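Taking it in order: structure first as structure tokens, then the write-up.
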Amino acid sequence: MSVTETIPPFSRALRLMRDYPMLPLGLLLAALVILLEILQPGIINSRWLANTIKVAIPLAMLAACQTLTMLTGGIDLSVGIIATVAAFVTGTLSPLVGVPSAVAVSLVLALLLGLLNGFGVAVCRVHPLIMTLGTGLVATGLMQVYQRYVIATGSKIPDFLQWLGIGRTLGLPNSIVLFVPFAALILWAQKRSGFGRLLYAMGSNEKAARLSGVRGWQVLMALYVLSGLIAGITGLLYLGMIKQASLSLAVPLLLPSVAAAVIGGTSIFGGRGGFGGTIIGALILTVLGTMLTLMQMPEGGRRILFGLIVLAVTALFVRLTDNT
Amino acid sequence: MKRFVVQNGWTIGLAVLLGLLLIVTKLIQPDFGLSGLDSLGRASLPFALATLGMAVVVIAGGIDLSLASLMAVCSVTAAVLMDGRGEVAAVPIVLGVLVLGACLGAVNGSLIVVSRVPDIVVTLAMMFVWDGTALLILNAPGGGAADWLRGLIVGGVVPKSFIFLAVVALGVWLPIRRSKLGLMLYALGSDAQAAFRSGVPVKTTKIASYAIAGLFAAFGGMAVTMSTGIGEPIPGPYLLASVAAVVLGGVSLTGGKGGLLGPVLAVFILRLVRLDLTLLAVDPNVTVIIEGVIMIGVVMLGGVLALRGQRT
């Protein structure tokens with residue numbers, strides 16, 4: 001009892017948030033769902049639930065890229081474009097060379113773009129933000145040139161991607177088949193595998209990690225290649241969901257993917273957080289998106305809101321880590 | 001003389017490179033002359049102004065990722081306010097937009113100081129906020145601009161766009177560079193802690209650096225509206241281009257080193273490379289790729305150089 005009396009309730013709440021970040025996140029999600037039900041009674045049903053999960057899955061997957069890169073203190077702003085590249089190449093090459101080779105080519109492209117990021121960040125020590133923005137610019141240019149050669153051939157969406165993207169089994173979206181093993185793998189890898197621990201080590205104190213014998217540049221290189229690969233796979237899933245190959249397909253997902261990781265408690269400075277919170281962050285953003293659509297918020301307002309959320313949450317985390 | 005060359009080696013090198021590129025351009029296109037320079041100056045103007053803003057912030061040890069979006073906000077605000085108004089009414093509007101730019105820049109700086117979050121993260125978030133603000137003000141390219149504004153940067157014996165750039169750059173930067181504030185900006189950029197202990201008001205100086213960048217961004221946004229006659233809510237490719245020009249211009253991304261002349265020369269070099277590629281009839285989309293590769297190459301080079309600087 002004496003302990004609870006000496007600590008003021010506000011800092012106790014903060015401490016609780018720091019120790020169990022999932023708790024307030026879950027509460028926030030529940031509060032948003034209740035608010036949505038009050039705004040539009042009867043909206044919460046199994047159909048809504050399946051739809052929310054369907055929309056949240058590609059967001060959570062792109063946010064996985066942000067989570068993993070943020071663990072080392074980086075960020076990957078090229079994921080939206082890499083996902084678009086994978087989707088566009090698959091869609092346009094499928095009628096030409098067949099589905100398996102088209103998917104293979106697009107994933108190799110995603111890997112190469114990731115490799116470029118990794119080279120810039122790990123070897124040349126460019127700030128990840130600037131490096132990934134630059135890679136995005138080059139990739140956009142490449143796609144514009146490529147588009148002119150394939151514009152006549154038309155596009156085709158592979159059947160299995162459509163099944164994955166929009167199909168339902170027992171009321172649940174089929175993309176869960178992809179997402180559950182994916183999430184399980186990431187959740188396992190971040191805490192239990194050597195690679196995951198290296199990511200936390202690099203983010204907490206890069207110098208110390210290096211002095212302990214970690215080859216920093218190899219870790220970063222592998223990380224950004226992995227991030228590119230995840231983005232590529234997400235692009236394929238998104239292609240099946242939207243059923244249209246365009247050059248701006250997954251680009252609007254970039255900003256929410258950063259926001260989802262930040263809301264989920266991953267520190268943008270590295271060393272803190274994980275994918276579990278990010279999944280809830282993606283769900284929160286999806287519910288918030290539904291709510292903003294209901295309130296007919298224009299696109300500009302949405303961007304402002306997302307920007308302010310990222311800023312407010314990072315500021316809060318700076319305060320939290322300062323107290324320790 | 002020798003000391004001058006050693007101290008300004010990088011800038012002199014850039015000037016020589018720029019001269020060589022001009023000769024190359026003349027060789028590719030023999031009738032490249034005053035009108036060519038005029039259009040080059042006008043195309044480079046928003047890039048040059050964005051780069052000036054970025055250079056000031058980088059010298060003071062920060063980075064402003066929201067600069068291009070800030071330019072869009074100023075561009076649409078000016079275009080919406082000036083649409084359908086007279087030529088005289090545009091004068092207070094232009095002045096108002098310049099003040100607005102400085103204030104929005106100060107908002108960026110204050111948020112960094114108050115939230116204690118690193119510059120790069122805050123300005124990333126503010127990039128989204130300003131993007132959204134520009135879209136709320138004007139949903140699609142539109143609005144109008146007074147005619148005399150266009151007259152400020154078109155034509156002239158010496159292309160007016162160069163004069164405009166020189167007047168803005170010198171008018172804003174020279175008084176600051178010569179005053180205490182200029183010294184404090186460099187001090188903050190070289191070592192924030194040492195600056196704090198020497199009595200530099202670190203927080204105010206940081207806010208001031210972002211306010212100056214905001215002012216340049218407002219000039220840049222006005223330049224977009226001036227040359228096109230409309231407001232553009234989607235930010236142009238100025239962010240990455242300005243970072244690349246700043247690095248190429250000899251300003252260290254770690255802060256405290258470099259001036260404003262080098263980055264401006266770098267802008268013209270990057271623009272001339274683009275012009276030459278266009279003159280050589282390279283597909284404009286391929287030009288985008290080449291430009292992107294050059295920019296990535298420049299920032300990678302900057303990273304490697306910074307790394308070497310730390311080791312020695």
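Quick one: which of A:145, A:99, A:121, A:105 is touching a Pro at 6+ places or on another chain (Cβ under 7 Å) and either of a type in the set (Gly, Ala, Ser) or surrounded by fewer than 21 Cβ atoms within 10 Å (Cβ to Cβ) (or both)?
Unique residue meeting the criteria: A:99.
Tell me the residue from A:150, A:145 that is more than 29 Å from residue B:121 (Cβ to Cβ) and either more than 9 Å from every other protein chain (Cβ to nearest Cβ) or under 19 Å from the mean Cα position of the chain (by Cα) (or both), please.
Every option except A:150 fails the conditions.
Of everything in the stretch B:293-303 that's at pLDDT 80 or above, within 8 Å of chain A (Cβ to nearest Cβ) and within 14 Å of residue A:139 (Cα to Cα), which residue is nearest to the chain's Cα centre (by Cα)?
B:296
So, of the residues in the stretch A:122-138 that are over 19 Å from the mean Cα position of the chain (by Cα) and more than 15 Å from residue B:246 (Cβ to Cβ), which turns out to be farthest from the other protein chains (Cβ to nearest Cβ)?
Out of the qualifying residues, it is A:122.
Where in the stretch A:52-160 are there helices (runs of 4 or more DSSP H), lying fully within it, with 3 or more residues that are without any contact (Cβ under 8 Å) to a residue 24 or more places away in the chain?
A:99-118, A:128-150
So which helices (runs of 4 or more DSSP H) are wholly in the stretch B:188-266 and hold at least 3 residues that are crowded, with 24+ Cβ neighbours inside 10 Å, within 14 Å of another protein chain (Cβ to nearest Cβ) and at pLDDT below 90?
B:238-248
For the structure I just gave you, tell me whether residue A:111 is under 19 Å from the mean Cα position of the chain (by Cα), away from chain B (no Cβ under 14 Å) and of a type outside the set (S, T, N, Q).
It is true that residue A:111 is under 19 Å from the mean Cα position of the chain (by Cα), away from chain B (no Cβ under 14 Å) and of a type outside the set (S, T, N, Q).
Under the condition of being buried (at least 23 other Cβ atoms within 10 Å of the Cβ) and away from chain B (no Cβ under 13 Å), which residue from the stretch A:255-273 is modelled with the highest pLDDT?
A:260
If we scan the stretch B:37-56, do we find a residue that is within 14 Å of another protein chain (Cβ to nearest Cβ) and either under 16 Å from residue B:215 (Cα atoms) or assigned to a loop (DSSP other than H, G, I, E, B) (or both)? Steps first, answer last, please.
Here is the first cut: in the stretch B:37-56, the ones within 14 Å of another protein chain (Cβ to nearest Cβ) are B:54.
Narrowing the set further to residues that are either under 16 Å from residue B:215 (Cα atoms) or assigned to a loop (DSSP other than H, G, I, E, B) (or both) leaves B:54.
Among the residues of the stretch B:37-56, at least one is within 14 Å of another protein chain (Cβ to nearest Cβ) and either under 16 Å from residue B:215 (Cα atoms) or assigned to a loop (DSSP other than H, G, I, E, B) (or both), which makes the answer yes.
One residue is enough: does the stretch B:87-97 have a residue meeting the conditions at pLDDT 90 or above and in contact with a Leu (Cβ under 8 Å, 6 or more places away or on another chain)?
Scanning the stretch B:87-97, I find at least one residue that is at pLDDT 90 or above and in contact with a Leu (Cβ under 8 Å, 6 or more places away or on another chain), so the answer is yes.
For the stretch A:175-206, which positions are over 19 Å from the mean Cα position of the chain (by Cα), surrounded by fewer than 18 Cβ atoms within 10 Å (Cβ to Cβ) and either free of Cβ contacts under 8 Å to residues at least 24 places away in the same chain or under 21 Å from residue A:245 (Cα atoms) (or both)?
If the condition is that a residue be over 19 Å from the mean Cα position of the chain (by Cα), surrounded by fewer than 18 Cβ atoms within 10 Å (Cβ to Cβ) and either free of Cβ contacts under 8 Å to residues at least 24 places away in the same chain or under 21 Å from residue A:245 (Cα atoms) (or both), then A:192, A:193, A:194, A:197 are the ones that fit.
Determine, yes or no, whether residue B:119 is within 14 Å of chain A (Cβ to nearest Cβ) and among the acidic types (Asp, Glu).
Answer is yes for this residue.
The values are calculated or read from the model by the stated rules, or taken from the named source; none is laboratory data. From a predicted model like this one, the values you see are computed outputs, not experimental measurements. Virtual Cβ from ideal backbone geometry, glycine too; neighbours counted across all protein chains shown.
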